[in-house]
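Some notes on the structure that comes next.
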Amino acid sequence: MTQPEFDEASMKAFCLFEFGACLLQRVAMEHGLILVDIKYEFGRSSDGSILLIDEIHIPDSSRYCLAGSYEVLKC
C-alpha cells in the first residue's frame with residue numbers, strides 16, 4: 001500500500017468512525033458500556049478503488065467494556 005492509498009483508507013476510516021462511533025458510544029454509555037474498539041476492513045475493486053468490504057458498527061466489528069471497569073481491566 002502506498003502512502004497516498006494509506007492516507008485515503010485512513011480518511012475513510014476516520015469519516016466512518018466520526019459518523020457511527022459517536023452514536024454507538026452514546027448508546028453504549030446509556031447501557032453502562034464504553035466502546036473501546038471498532039474494526040473497518042477495506043479492499044480494492046477491479047479498477048483499484050479502495051472500498052469498504054465488510055459490515056460496520058455491529059457487535060462483530062466493535063468491542064465494548066463495562067464503563068466502570070475499563071480503567072482497571074484495560075480491556
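The values are calculated or read from the model by the stated rules, or taken from the named source; none is laboratory data. Note that this is a predicted model, so its numbers are computed, not measured. No Cβ is skipped: glycine too gets one built from the backbone with ideal geometry, and neighbour counts run over all protein chains shown. Note: areas computed on protein heavy atoms with side chains; ligands, DNA, RNA excluded. Shrake-Rupley method; radii C 1.70, N 1.55, O 1.52, S 1.80 Å.
A compact table of results
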item	result
Per-residue SASA entry for residue 11, accessible area with 1.4 Å probe, Å² rounded to 10	110 Å²
Chain lengthening between residue 7 and residue 30 when straightened (0.36 nm per residue, less Cα-Cα)	4.9 nm
D_trans [Stokes-Einstein, Kirkwood Rh over alpha-carbon pairs] for the chain, 4 °C, 1.567 mPa s, µm² s⁻¹	94 µm²/s
Potential lengthening between residue 51 and residue 66 on full extension [0.36 nm per residue; Cα-Cα distance subtracted]	2.1 nm
Helix-only mean residue ellipticity at 222 nm for the chain, each DSSP H run of n ≥ 4 adding -39500 (n - 2.57), per residue, nearest 500	-14000 deg cm²/dmol
Among 46, 9, 19 the positive-end extreme of the charge dipole of the chain (Cβ point charges)	19
